[in-house]
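To keep things clear, I will list the structure first and then write my remarks on it.
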Amino acid sequence: NAGVMQNPRHLVRRRGQEARLRCSPMKGHSHVYWYRQLPEEGLKFMVYLQKENIIDESGMPKERFSAEFPKEGPSILRIQQVVRGDSAAYFCASSLGGGSYEQYFGPGTRLTVT
Amino acid sequence: ILNVEQSPQSLHVQEGDSTNFTCSFPSSNFYALHWYRWETAKSPEALFVMTLNGDEKKKGRISATLNTKEGYSYLYIKGSQPEDSATYLCASDNTNAGKSTFGDGTTLTVKP
């Protein structure tokens, strides 16, 4: 009974490169959430997706960041032209939806921009 | 801007002590209140999610209550054990179910 899976667990990118973070929700879950934890800060909501739909992206930076959750495959958080300030832990969570609010978190991806 | 406040920021107790933490959250457009347990180098573990005013949930020695009218929730740990040492996070879903605003957490240290 696999939980939420994220890969890679650690990602190092040079400034200007692209970062792709993947999240596979728990089996049967169709709702995915992405959160970011900057150094010395708490968890901050980024985006909420259902299959093929973005429900709420009010926490996403306006530029360089995008997220998708295709019909098949994992959810992807994409950061273009990374900068040092993007260094953070990125967590994804999933839920069943349909009135079930409980979110299950993955282990996170730690992005380091050099 | 939605603020979720947790107090105290940190707490040190002796093994066997009972303790409680507070989470205050916006009461407008409320959908759900979550409590998580977060150990260092691990991912947040869901403890409870509550939606109705007056909800009380219990899991072993840990319990939580919810007051949506005044916007607060309490988490109680009875007879703390060293393995309870962790950061306890609360998160409120307002405006949109699923869009969680997290507090900064209460870090509990239980000394043997």
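The values are calculated or read from the model by the stated rules, or taken from the named source; none is laboratory data. Just so it is clear, the structure is predicted and the values come from calculations on it, not from any experiment. All Cβ positions, even for glycine, are placed from backbone atoms using ideal geometry, and neighbour counts span all protein chains on display. All accessible areas refer to the heavy atoms of the entire protein, side chains included, with ligands and DNA or RNA removed. Shrake-Rupley method; radii C 1.70, N 1.55, O 1.52, S 1.80 Å.
Yes/no per residue for (1) modelled with pLDDT under 95; (2) open to solvent by less than 40 Å² (accessible area, probe 1.4 Å):
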{"site": "A:Arg13", "(1), (2)": "no, no"}
{"site": "A:Gln17", "(1), (2)": "no, no"}
{"site": "A:Cys23", "(1), (2)": "no, yes"}
{"site": "A:Leu38", "(1), (2)": "yes, no"}
{"site": "A:Glu68", "(1), (2)": "no, no"}
{"site": "A:Ser95", "(1), (2)": "yes, yes"}
{"site": "A:Glu102", "(1), (2)": "yes, no"}
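I'd like the full set of residues that are among the aromatic types (Phe, Trp, Tyr) and farther than 20 Å from A:Val12 by Cα, limited to the range A:65-81.
Restricting attention to the range A:65-81, the residues satisfying the condition of being among the aromatic types (Phe, Trp, Tyr) are A:65, A:69.
Residue satisfying the conditions is A:Phe69 alone.
Within the range B:1-24, the set of residues being open to solvent by less than 50 Å² (accessible area, probe 1.4 Å) and small (Gly, Ala, Ser) comprises B:Gly16, B:Ser24. You will find that of A:Leu38, A:Leu96, A:Leu49, A:Leu111, the residue that is within 14 Å of chain B (Cβ to nearest Cβ) and in contact with a helix residue (DSSP H, G or I) (Cβ under 9 Å, 6 or more places away or on another chain) is A:Leu38 and no other. Against the list (1) over 21 Å from A:Arg36 (Cβ atoms); (2) open to solvent by less than 70 Å² (accessible area, probe 1.4 Å); (3) within 12 Å of chain A (Cβ to nearest Cβ), the condition B:Ser27 fails is (3).
Taking the range A:52-66 as the range and being more than 14 Å from chain B (Cβ to nearest Cβ), surrounded by 15 or more Cβ atoms within 10 Å (Cβ to Cβ) and either at pLDDT below 95 or over 13 Å from the mean Cα position of the chain (by Cα) (or both) as the test, only A:Arg64 passes.
Mind listing just one residue for me: the one in the range A:104-114 that is within 10 Å of the chain's Cα centre (by Cα) and more than 13 Å from A:Val32 (Cα to Cα) and, of those, surrounded by the fewest Cβ atoms within 10 Å (Cβ to Cβ)? Can you show your working first?
Keep residues of the range A:104-114 that are within 10 Å of the chain's Cα centre (by Cα), which gives A:106, A:108-109.
Restricting the remaining residues to those that are more than 13 Å from A:Val32 (Cα to Cα) gives A:108-109.
Numbers: A:Gly108: 24, A:Thr109: 22.
The extreme case among them is A:Thr109.
For residues that are touching a residue at least 60 places away in the same chain (Cβ under 8 Å) and open to solvent by 20 Å² or more (accessible area, probe 1.4 Å), scanning just the range A:75-93, find the one that is nearest to the other protein chains (Cβ to nearest Cβ).
First, the residues of the range A:75-93 that are touching a residue at least 60 places away in the same chain (Cβ under 8 Å): A:78-84, A:86, A:90-93.
The next check asks that each one be open to solvent by 20 Å² or more (accessible area, probe 1.4 Å); those that pass are A:78, A:80-81, A:83-84.
Working: A:Arg78: 20, A:Gln80: 24, A:Gln81: 27, A:Val83: 24, A:Arg84: 23 Å.
Selected residue: A:Arg78.
The condition of being open to solvent by less than 10 Å² (accessible area, probe 1.4 Å) and away from chain A (no Cβ under 11 Å) holds for only one of B:Leu33, B:Leu108, that being B:Leu108.
Being out of contact with any Phe, Trp or Tyr (no Cβ under 7 Å at 6 or more places or on another chain) and more than 30 Å from A:Leu49 (Cα to Cα) narrows it down to one residue among B:Ser80, B:Ser63; which is it?
Answer to the check: B:Ser80.
Among the residues of the range B:54-100, those identified as within 14 Å of chain A (Cβ to nearest Cβ), farther than 14 Å from B:Pro44 by Cα, open to solvent by 10 Å² or more (accessible area, probe 1.4 Å) and not aliphatic (A, V, I, L, M) are B:Asp55, B:Lys57, B:Lys59, B:Thr68, B:Thr95, B:Asn96, B:Lys99.
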